Amino acid sequence: MPSNAFSTVFSQGALRDAWRYLLSATSRQSRNTVGVDDVSINDFLSDEKGQLNRLVRDVRQQSFRFSLLRPHLIPKSNGKDRLICVPTVRDRIVQRALLDFIATRYADKFANNVSYGFVKKRGVKKAVVDACALRAEHPWVFKTDITSFFDRIDRSRLTSAIRRSIRERSLHETLLGAVSCEIQPAGGNTGRRIKQLGIRRGLGVRQGMPLSPFFSNIMLADFDRSIETRGLRAVRYADDLIFFADSRDACEALAAFCAEQLGRIGLEIPPVAAGTKSVIYAPEQPAEFLGVSLVPITAGYRVELTRSQIDRVRDQLLALGSINELVARCITLPKIGQVLTARKNGYLAAYDICHNIDALEHGLADLEQRILRQLYRDGLHIDLGRLSNVARTFLGLR
């Protein structure tokens, strides 16, 4: 018989709450995305009661198993691919229920002063604000990230960490099942592109699952403790790391410390060199972190977007001016206006802590029109100069 913990985590109420969270947290544009079972959130919603009842039954009878993850490749502006792994809706609900229980039961145990990613009452904005405050006191910066972090996680180490940390043994099998989730095999060009990303069966944790962020934090818990034990000043957001010190020598020592500590668990950071993601910033240099910059001013530092960062945001939006890109993202013409508005508002909300947010807002003001013109002119081959005012209004053009 399942233990009390198992029964609590996977009660009908808990699974229903997890489903409702998933529904509310998923944008309308993403609700038709399907996993390997070809069931979308909208499909699940149309038979909500029946779907939940079947899920509760399968979990209680311990016949539930995680499915393969559906791979979805999105071309990036640098010519490489971004792999998104899509779990089934059922899998997402079960993982969310587990995550809700762990976040509540173990909040204090996993809390520390270093980790900001996927931690309640923290997040990107607090990570940036606290990093800026730390730099005001210790202006030298060592910034790096863990190379291919999620794809290189040693599953045996992670499994041991889960067994040590989570007391409820009845939950171990389900947690470890999520650790072992693999991508649905793909052939042809898709298979070759996935292979080029270095994805290997049996190694790493696949991104896109609700539990992946928790797995990243538990994998790096000892690393975070070693930072705190030594009294180092650092902020970690998943695999992004930034340290603050008082000299270049201290920054070089921090780079060596990270390489040594992470090497113990089979991970690594790039060497400090031109063109890598390991960078030492002098006090007078802006330091990039989580998509923004910690910029020196007369007294201290403040958070800003650099010109290149603003241009990067604009380029990401301009990528939506390609019909091939939109089709790859399952975005059709009736949805493009809504998608553009949501993206612009999302960027402005994400960067509202920046001192120069007005520059970003101004830069995005005419971007929607530019993208629509690009789609109509280059993608659909419409001669915009010959359109009547009524036709232009119909197409959303000014």
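The values are calculated or read from the model by the stated rules, or taken from the named source; none is laboratory data. Quantities reported herein were computed from a predicted structural model and do not represent experimental measurements. Neighbour counts run over all protein chains shown; Cβ positions are idealised from the backbone, glycine included. Note: accessible area is taken over every heavy atom of the protein model, side chains too, but ligands, DNA and RNA are not part of it. Shrake-Rupley method; radii C 1.70, N 1.55, O 1.52, S 1.80 Å.
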Radius of gyration and Dmax over the Cα atoms of the stretch 113-269, both given in Å: 17.2, 54
Length added when fully stretched, Asp378-Asp47, from 0.36 nm per residue minus Cα-Cα: 115.0 nm
Intensity falloff of the stretch 104-200 expressed as log10 I(q)/I(0), Debye formula with alpha-carbon point scatterers, at q = 0.14, 0.19, 0.21, 0.23 Å⁻¹: -0.85, -1.11, -1.17, -1.23
Proximal lysines relative to Lys344, as straight alpha-carbon distance under 21 Å, when same-chain residues fewer than 8 apart are discounted: Lys76, Lys125, Lys335
Percent breakdown of C-alpha pair distances by 10 Å bin, ordered from the shortest bin, for the stretch 144-195: 20, 36, 30, 13, 1
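Which trypsin sites (Lys or Arg not before Pro) in the stretch 112-172 sit in a loop by DSSP (not H, G, I, E or B) and have at most 13 other Cβ atoms within 10 Å of their own Cβ? Don't skip to the answer; put the middle values down first.
Values: sites: Lys120, Lys121, Arg122, Lys125, Lys126, Arg135, Lys143, Arg152, Arg155, Arg157, Arg163, Arg164, Arg167, Arg169; in loops: Lys120, Lys121, Arg122, Arg167.
Qualifying residues, ordered by number: Lys120, Lys121, Arg167.
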Cα-only radius of gyration and Dmax that characterise the chain, units Å: 23.2, 73
Selection from Ala282, Ala14, Thr190 lying farthest towards where the dipole of the stretch 5-303 points positive, charges on Cβ: Ala14
Debye-sum result for the stretch 243-398 in log10 I(q)/I(0), which assumes one identical scatterer on each alpha carbon, at q = 0.16, 0.18, 0.21 Å⁻¹: -0.97, -1.08, -1.26
MRE, 222 nm, helices only [DSSP H, n ≥ 4, -39500 (n - 2.57), over the chain, to nearest 500]: -14500 deg cm²/dmol
Hits among aspartates and glutamates - C-alpha to C-alpha of Lys109 under 13 Å, sequence gap 8 or more where chains match: Asp222, Asp224
Cα-centre dipole for the chain with unit charges at Cβ (Lys and Arg positive, Asp and Glu negative), debye to 20: 1040 debye
All aspartates and glutamates inside 16 Å of Lys121 as judged from Cα atoms, apart from same-chain residues fewer than 8 positions distant: Asp100, Asp108, Asp130
Computed over the chain: relative contact order in percent, which uses C-alpha pairs under 8 Å that are six or more apart: 18 percent
Carbon and sulfur %, accessible surface of the stretch 5-303 computed with the full protein complex present, 1.4 Å: 48 percent
Spherically averaged projected area of the stretch 306-395 from its Cα convex hull (nm²): 6.4 nm²
